[in-house]
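Asker: Okay, handing you the structure first.
The values are calculated or read from the model by the stated rules, or taken from the named source; none is laboratory data. Note that the structure is a prediction, hence the values are computed from the model and not measured. Every residue, glycine among them, receives a Cβ derived from its backbone with ideal geometry; neighbour counts consider all protein chains shown. Ligands, DNA and RNA are stripped out before the accessible areas are found, and what is left, the full protein with its side chains, is counted by its heavy atoms. Shrake-Rupley method; radii C 1.70, N 1.55, O 1.52, S 1.80 Å.
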Amino acid sequence: MATLVLSAVFAVSVVVALSVLVAAGRRRREAPGFATIAAFAAGAAWWSAASMVTLYTRDETIVSIGIALIYPGVFLLVAAWWATAQALTDRFWRLERRTALLLAVEPVLCTLAIITNPWHHLFISGLRPTVIDGALASVFGPLFWVHALYSYAMIGYSAVKIFRTYLRQASRYRAYLIATVNGLPSTIINIAGVMVGGRLIDLTAAGFVIGAPTMYWLVTRQAGPAIAPVAHREVFRKIPDAVLVLDATRRVIDANPAAARLLADLGVATRDATGRIVLPHRLGVVPGVPDDADGDHEIRDVLGRGIDLSLRISLLHDRRGTPAGCIMVARDVTEQNRQHEHVEYVNRQLRGQLATIEALRASLADQAARDYLTGLFNRRQLMTELTAAIERGTPFAVVLLDIDFFKQVNDRYGHNAGDDVLVHLADALTGALRPGDVAARYGGEEFALLLHGLSGPEAAAWADGLRRAVAAYPLRTGDAEIAVTFSAGVAAGGGARPTPAHLIHDADLALYAAKENGRNRVEQALGTGRLVTHADR
């Protein structure tokens, strides 16, 4: 009866283990953990199937062969469980050839011991009938105990490694706790069977019936192997920034490859004959950075090597708060700084060019608004200024000037002398104007003034004072002395908001009256056909 029950248990264990093997095998490309779980399930299936041999024969030779057939499954299961622990705790773990060869050493030695056991009996010292229908079981020799110690060490190390990952990331890797607990039934049964020393056949496979379903659930329902964490050491090695760990005496405790390359570029680290970077035992003081500096720093031209560094220093303290060292994270920002400096240079160039363009634009606008000979505003700009004055509605006056007998100057002294007379009067107007007033060349020998804040009489009196000042200083050109006088007409604005044309018309009528009344005089238009005369008597 016991034989049938155990046969059923072993059969179920084989079926469940094969189910896990198939399920994990289908997901083997998602992460290495699925492949190692598939190998674990294959070992469990093999172990369970081989255990059934000892139930149906009492022939010692066949039983010895059956027992020997169990061990390939044992070797595969132990190695696969160790590999599963690596895969579940490091997302990028891969089984390397060297590691595979090391894992194969113990199974190969055990296999040789099992094959040669009939001659030395050091692995299995004999067979003994058990209470399970007289089925034969192994009596273990000293080499078996060495194998058992190795297997338990591998399984224990793997369980602790997975459990530590669960403790660090319990919220995300809770399935790892299940994976750790999953192996307990088989382990407990195996230890119990080994301790009774041949009184029971190997019932370890019975533990797979209990543990295999949870393993199947882990593989089919959970993504644990696919979301295995990345080992901190791998992250440290792959970080592109230079990371240095120093103790309180500035001794280099650890450094990632990027830090080693940076120190080599700075001449702080050396290279051996094979090109491998040899780190300094201690790191000297970084120029410009205090020993107790905690925070961000930027260092230009480190050690005169033309390298700029962005340095982040994080101080480390022990449990009592005593300084224990620091972590230095450095990034080469040389190219970034050079690009920034180039951008700044280009921006300065652009700003200079924009200022030049703006100055040219202002110059062209000013030239477009001025008379080329006298430098005064031209007629178009005068009309713009006059329109703005009317819009403001404040008192102002318009004065039209005409140089007396200008044609005679041109005929007698030449056109160059005539130009000199125009410039002479323009300079006199510019020098006499108050801030905000406007002087313009209206056309030919005519000039116009826009006087802000003056009434008609005040503007006429001001223009008359200007007339006397100009007449008092004749123009000397070459050997000649040319008397310069002008006639002027004044029209007041700012009251009834006349149009620019009306104001110019009134001032022009007053100017015409000044010429008719003998020239070298100022006439003011009153807007009622009357004029006020200012002249030398």
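Asker: Filter segment 123-167 down to residues that are charged (D, E, K, R) and either part of a loop (DSSP other than H, G, I, E, B) or closer than 12 Å to Ser64 by Cα (or both) and give me whichever is modelled with the lowest pLDDT.
Answerer: So the residue we want is Asp133.
Asker: Further, regarding this structure: Could you say whether any residue in segment 58-74 is among the hydroxyl-bearing types (Ser, Thr, Tyr), crowded, with 17+ Cβ neighbours inside 10 Å and over 52 Å from the mean Cα position of the chain (by Cα)?
Answerer: Yes, some residue in segment 58-74 is among the hydroxyl-bearing types (Ser, Thr, Tyr), crowded, with 17+ Cβ neighbours inside 10 Å and over 52 Å from the mean Cα position of the chain (by Cα).
Asker: From the list Leu429, Leu449, exactly one residue is open to solvent by less than 40 Å² (accessible area, probe 1.4 Å), closer than 22 Å to Leu526 by Cβ, touching a strand residue (DSSP E or B) at 6+ places or on another chain (Cβ under 6 Å) and hydrophobic (A, V, I, L, M, F, W, C). Which is it?
Answerer: Just one listed residue meets the conditions, Leu449.
Asker: Among all residue pairs at least 6 apart or on different chains, which show Cβ distances below 7 Å where the first residue, located in segment 128-143, is surrounded by 18 or more Cβ atoms within 10 Å (Cβ to Cβ) and the second is part of a helix (DSSP H, G or I) and acidic (Asp, Glu)?
Answerer: Listed pairs, sorted by first residue: Leu136/Glu60.
Asker: Right, another one. What residue, of Leu350, Leu360, Leu311, is within 22 Å of Pro257 (Cα to Cα) and of a type in the set (A, V, I, L, M, F, W, C)?
Answerer: The unique qualifying residue is Leu311.
Asker: Which condition from (1) outside any helix (DSSP H, G or I); (2) under 25 Å from Leu509 (Cα atoms) is the one that Leu429 breaks?
Answerer: So Leu429 meets the others, but not (1).
Asker: What's the number of the only condition in (1) farther than 30 Å from Asn256 by Cα; (2) within 41 Å of the chain's Cα centre (by Cα); (3) in contact (Cβ under 8 Å) with a residue 40 or more places away in the chain that Glu344 fails to meet?
Answerer: (3)
Asker: Condition (residue is modelled with pLDDT of 90 or more, over 60 Å from the mean Cα position of the chain (by Cα) and open to solvent by 40 Å² or more (accessible area, probe 1.4 Å)) applied to segment 397-407: is it met by at least one residue?
Answerer: Checked against the condition, which is being modelled with pLDDT of 90 or more, over 60 Å from the mean Cα position of the chain (by Cα) and open to solvent by 40 Å² or more (accessible area, probe 1.4 Å), segment 397-407 yields at least one hit.
Asker: Further question on the same structure: Checking the structure you have, find out if any residue of segment 297-316 is modelled with pLDDT of 80 or more and more than 22 Å from Val333 (Cα to Cα).
Answerer: Checked segment 297-316: at least one residue is modelled with pLDDT of 80 or more and more than 22 Å from Val333 (Cα to Cα).
Asker: Can you work out which of the residues in segment 438-466 that are part of a helix (DSSP H, G or I), out of contact with any helix residue (DSSP H, G or I) (no Cβ under 7 Å at 6 or more places or on another chain) and free of Cβ contacts under 8 Å to residues at least 60 places away in the same chain is nearest to Ala388 (Cα to Cα)?
Answerer: Out of the qualifying residues, it is Trp462.
Asker: Any residue at all in segment 92-115 that's charged (D, E, K, R), open to solvent by 40 Å² or more (accessible area, probe 1.4 Å) and closer than 14 Å to Leu136 by Cα?
Answerer: Checking segment 92-115: not a single residue is charged (D, E, K, R), open to solvent by 40 Å² or more (accessible area, probe 1.4 Å) and closer than 14 Å to Leu136 by Cα.
Asker: Considering every residue within segment 90-112, establish whether at least one is within 25 Å of Val235 (Cα to Cα), in a helix (DSSP H, G or I) and not charged (D, E, K, R).
Answerer: Within segment 90-112 (the criterion being within 25 Å of Val235 (Cα to Cα), in a helix (DSSP H, G or I) and not charged (D, E, K, R)), the answer is yes, since at least one residue qualifies.
Asker: Considering each of Thr387, Thr394 in turn, give the residue that is within 21 Å of Ala507 (Cα to Cα), assigned to a helix (DSSP H, G or I) and of a type in the set (Val, Ile, Thr).
Answerer: Only one candidate qualifies: Thr387.
Asker: Looking only at residues that are among the polar types (S, T, N, Q) and part of a loop (DSSP other than H, G, I, E, B) in segment 237-283, which one is nearest to Arg305 (Cα to Cα)?
Answerer: Among them, the one singled out is Asn256.
Asker: Same structure again: Out of the residues in segment 509-523 meeting the condition of being of a type in the set (D, E, K, R) and crowded, with 19+ Cβ neighbours inside 10 Å, tell me which one is nearest to Ala389 (Cα to Cα).
Answerer: Glu523
Asker: Let me ask you something else. Within segment 376-396, can you find the residues that are in contact with a Ser or Thr (Cβ under 8 Å, 6 or more places away or on another chain) and under 22 Å from Asp427 (Cβ atoms)?
Answerer: Answer for segment 376-396, where residues must be in contact with a Ser or Thr (Cβ under 8 Å, 6 or more places away or on another chain) and under 22 Å from Asp427 (Cβ atoms): just Leu376.
Asker: Quick test of your reading of the structure: Leu364 fulfils all but one of (1) surrounded by 13 or more Cβ atoms within 10 Å (Cβ to Cβ); (2) free of Cβ contacts under 8 Å to residues at least 60 places away in the same chain. Name the failing condition by number.
Answerer: Failing condition for Leu364: (1).
Asker: Would you check which residues across segment 298-335 are touching a helix residue (DSSP H, G or I) at 6+ places or on another chain (Cβ under 8 Å), open to solvent by less than 40 Å² (accessible area, probe 1.4 Å) and outside any strand (DSSP E or B) and list them?
Answerer: Gly306, Ile307, Asp308
Asker: Report yes if some residue within segment 29-45 is of a type outside the set (Asp, Glu) and either surrounded by fewer than 17 Cβ atoms within 10 Å (Cβ to Cβ) or outside any helix (DSSP H, G or I) (or both); otherwise report no.
Answerer: yes
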